[in-house]
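A short worksheet on the structure shown next.
The values are calculated or read from the model by the stated rules, or taken from the named source; none is laboratory data. What you see is a predicted model, and the numbers here were worked out from it, not measured in a lab. Note: ideal-geometry Cβ built from the backbone for every residue, glycine included; neighbour counts use all protein chains shown. Note: areas computed on protein heavy atoms with side chains; ligands, DNA, RNA excluded. Shrake-Rupley method; radii C 1.70, N 1.55, O 1.52, S 1.80 Å.
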Amino acid sequence: MFKNPIKTKSWLKLNDHYLSIKNIKIFDLFKKDEKRFNNFSINFNNNILVDFSKNRILLETLNLFKNLLDEINFKNYIYSMLIGENINFTENKPVLHFLLRDRKNIFLKNNSSFLDIKKDIDTNLSKIKFFTEKILNGEWLGYSGKRITNIINIGIGGSDIGPRMIVKALSSYKKNDLNMYFISNIDSTDIINILNKLNPENTIFIICSKTFTTLETLNNAKIAREWVLNFYKNKEKSLNHHFILVSSNFSESVKFGINLNNIFIVHDWVGGRYSFCSAFGISISLAIGFNNFIKLLDGAHDMDLHFFSSSYLNNIPIILAILSIWYNNFFNFNTEAVLAYHENLFYLPIYLQQLGMESNGKYVDYNGNYINKYNTSPIIWGGIGTVAQHSFYQLLHQGTHIVPCDFIGEIININNINNSHLKLMSNFFSQTQALAFGDKIFKEGNWIGNNLNNSNKFIKFKGNRPTNTILVKKINPYNLGSLISLYEHKIFTQGIILNISSFDQWGVELGKKLSNVLFSFLKQKSILQKKKNKKNIYLDNSTFNLINFFNKFFFNN
C-alpha cells in the first residue's frame with residue numbers, strides 16, 4: 001500500500017518535465033496565455049478564491065501530478081481515513097478529527113462504529129455550549145460568588161497555538177467582557193506576569209493537555225492551582241469554581257481534584273494540532289460565543305467536503321500540496337512563507353508552521369526506511385502584512401534564496417479608515433505582481449517616475465518568484481474554519497505523496513526525556529563531579545561544563 005514516490009514512473013516523468021521547463025519564466029507564461037488565471041484558480045463557494053497562476057507550472061505539470069496521485073492510489077488513503085482505519089499506524093490510531101465538525105452526519109455514516117463516537121461528540125458539544133452560556137450569562141460564579149471575567153487557557157502546542165490563533169483572528173466577533181489569556185511557556189515569567197494583574201475570585205483556568213503528562217502544562221497548572229488555593233486558604237472546593245480540564249487521560253485528570261463535570265474528554269484519535277474543533281476549543285467558544293464556534297466547525301466541514309469529493313485538479317488542498325512538493329523536491333526551494341495581510345491573523349503563520357513541520361518533518365517513511373533521496377516538509381515561516389515587507393521582503397525579491405509564498409488577504413474589512421484597507425490591499429496585490437514579473441511589469445523595464453532603468457543592477461528585479469494568492473471574502477468564523485481545514489488537508493496530501501505519517505511527532509520526545517534527566521543535574525546546587533546520574537545517563541563534555549557554569553552563578557546569586 002505504501003509507495004516510495006521517487007520509485008514511481010510518475011515521479012520520474014515529473015523529473016524529466018522539470019528538466020525541460022526549469023528555466024521557464026512566469027512572465028512568458030502570462031504573455032502566451034491571456035486567460036491563464038482561468039485555468040489556474042479555484043473559487044470555493046464565493047468565499048475563498050485561490051489563484052495559483054503565478055507559479056512555474058503548466059497544465060502538463062498538474063496532470064503529471066494527477067498521474068502520480070493515481071499511481072500511489074491516493075483515493076485509497078482518503079477512503080482509509082474516512083472509514084476509520086489506523087492510518088496513524090505508528091501509534092495504531094485512526095485520524096478522525098473531521099468527524100468533530102460533521103454535524104450533518106455525512107461522514108459518520110461511513111462506519112457503524114462511529115455511532116458511539118457521534119454520541120461522544122454531541123455530548124462534548126452540549127457541554128461546551130452549557131459551559132459557554134453559563135460563563136457568558138454570569139451564572140457560573142467564582143467560589144466567593146463573583147462573576148467570571150478572566151479566562152486563562154493553559155496548554156502548549158496544538159492545545160495553545162490553535163485556540164490562540166483563532167481567538168486573535170476572530171477578535172472582532174468578541175461580544176462579551178471576558179478577558180482571554182493564553183499561557184504555554186514553562187518559563188514562569190509567562191504565567192506570573194498574567195496572574196500578578198488578576199484576581200482569583202473572577203478567574204477561571206482551562207487546563208488543556210491531551211495526555212495530562214505534558215511538563216509545561218502541568219507545571220503551569222500547578223502554579224495556577226496553588227494561586228487559587230492560597231487565596232481561598234486551601235479550601236479544595238474552590239477548585240470546582242475556577243478550573244476546567246480537557247484531556248484524553250481521564251484517570252490522571254481526576255487526580256487534579258475537581259468535579260467530574262468539569263472534565264472534558266478529547267478522543268485519542270484527535271492530534272493536538274488538529275484539535276481546534278474538539279473540547280480544546282472551549283476558549284474559542286467563550287471568546288466568540290457558541291453560535292460562532294458552530295459556524296467555525298461548519299466552515300471546516302464544508303472544506304472537508306470539498307477535499308473529499310472534488311477531482312484532483314479542482315481540489316484546493318491538493319493543488320497547494322503538489323505545488324509545495326514541486327518546489328521543495330524538484331527546484332530545491334526548501335522554505336515557503338505564509339504572508340497574511342490582516343493584523344488579526346498574526347498567529348496564523350506560527351500555527352501553520354506547527355501544522356506543517358510537526359506533521360511532515362520526518363526522515364522515516366511508512367515502510368520504516370530512512371529517507372535520503374527526497375525532501376519531506378519544507379521550512380515554513382512568515383509574517384504579517386506591510387510590517388513583514390519592511391522586514392524580510394528584500395530577500396524575497398532580490399535574495400539568492402527563492403521562497404514560494406502564500407499571500408492571504410481579506411476582501412471586506414470594516415476598518416477602512418482613511419482608505420487604510422485599500423492601501424493595505426494595494427500592497428498585497430503589488431507584492432505578488434512584483435515577485436512574479438519583476439521590473440518587466442513596466443514598459444521597457446523602466447521605473448515609473450524614475451530615471452533609473454534596467455541597466456542599474458542594484459535596482460534590478462528579476463521576478464519569476466512563485467506565489468499563491470488566497471483571497472478570503474471576510475475573516476469570519478465560517479471562512480476561517482474553511483481556511484484551517486484547507487491547510488490540514490494540504491498537509492495530509494503532502495504526507496501521503498511523500499510516504500510518511502503526518503499524524504505522529506516522535507521527534508519531540510527525546511528532548512522531553514533528556515530534560516527530565518538534566519533537571520536532576522540542575523537541582524544538585526553544586527559543581528558536578530560526575531558525568532552521569534543514577535540512571536547512567538552521561539553528559540557530554542559540552543553539556544557538563546555548561547551546567548557547571550550555570551549552577552555556579554544560579555545558586556550563588
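Of note:
- Leading residue at positive end of dipole, the range 272-375 (Cβ point charges), from Asn329, Tyr341, Tyr370: Tyr370
- Farthest towards the positive end of the charge dipole of the range 51-119, among the residues Ser53, Leu64, His97, is the Cα of His97, using unit charges on the Cβ of Lys, Arg, Asp and Glu.
- Here the calculated FRET efficiency for Asn137 and Leu260, from their Cβ-Cβ distance with R0 = 35 Å, stands at 0.95, rounded to the nearest 0.05.
- FRET efficiency estimate (nearest 0.05) - Cβ-Cβ, Leu215 to Ser80, R0 41 angstrom: 0.75
- Accessible carbon and sulfur surface of the range 126-171 relative to its total accessible area, %, 1.4 Å: 51
- Label point distance in nm, Lys473-Glu91, each placed 7 Å from Cα along Cα→Cβ: 3.6
- Potential extension, Asp187-Asp122 segment - 0.36 nm per residue separation minus Cα distance: 19.7 nm
- Rounded to the nearest 20 debye, the dipole magnitude of the range 172-244 is 240 debye, with +1 charges on Lys and Arg beta carbons, -1 on Asp and Glu beta carbons, and the Cα centre as origin.
- Peptides 123-132, 306-315 ordered by average Cβ neighbours within 10 Å, highest first: 123-132, 306-315
- Those residues of the range 164-192 whose amide nitrogen sits under 15 Å from the label point placed on Ile414, 7 Å along Cα→Cβ: 170-176
- Helix axis angle, 477-497 relative to the chain longest principal axis, alpha carbon, degrees: 70
- Here the range 1-144 is assigned +1 on the Cβ of each Lys and Arg and -1 on the Cβ of each Asp and Glu. Its dipole about the Cα centre then comes out at about 380 debye.
- Less than 5 angstrom separates the built amide H of Phe243 from those of Phe205, all sequence-distant by 5 or more or on a different chain.
- Ranking Gly145, Gly155, Ser80 by Cα position along the charge dipole of the range 56-170, where only Lys, Arg, Asp and Glu carry charges on their C-beta atoms, puts Gly145 farthest toward the positive end.
- Rolling a 1.4 Å probe over the protein heavy atoms of the range 230-285, with every protein chain left in place, gives an accessible area that is 51 percent carbon and sulfur.
- Degrees separating the helix 158-169 axis from the principal Cα axis of the chain, which is the longest one: 70
- Segments 189-195, 321-327 sorted - mean Cβ within 10 Å per residue, highest first: 321-327, 189-195
- Violating pairs (Cα-Cα greater than 19 angstrom) within the set Lys22/Lys54; Lys31/Lys54; Lys119/Lys174; Lys9/Lys66: Lys119/Lys174
- Distance between the range 502-519 and the range 297-362 - C-alpha centres, whole angstrom: 26
- Net dipole in debye of the chain [+1 Lys, Arg Cβ; -1 Asp, Glu Cβ; about Cα centre; nearest 20]: 860
- Per-residue ellipticity at 222 nm computed for the chain from its helices equals -13500 deg cm²/dmol, with DSSP H segments shorter than 4 residues left out and the rest contributing -39,500 (n - 2.57).
- Computed from the C-alpha gyration tensor, the three semi-axes of the ellipsoid equivalent to the chain are 42, 28, 27 Å, from longest to shortest.
- Restricting the trypsin sites (Lys or Arg not before Pro) of the range 153-217 to loop positions (DSSP other than H, G, I, E, B) with no more than 13 neighbouring Cβ atoms within 10 Å leaves Lys175, Lys197.
- Ile459 versus Tyr370: modelled label distance in nm, points set 7 Å from Cα along the beta carbon direction: 5.2
- Using 0.36 nm per residue and subtracting the Cα-Cα separation, the extra length available between Lys9 and Val387 on full extension is 131.6 nm.
- Accessible area (Å², per residue) of the chain, counting only protein heavy atoms and a probe of 1.4 Å: 47
- DSSP bridge analysis restricted to the chain gives an antiparallel fraction near 25%, rounded to the nearest 5.
- Interchain or long-range residues, amide H under 5 Å from Phe44's placed H: Leu49, Val50
- Accessible area of the range 70-118 belonging to carbon and sulfur atoms, whole % at 1.4 Å probe: 48
- Once the Cα atoms are used to define both axes, helix 509-522 deviates from the longest principal axis of the chain by about 50 degrees.
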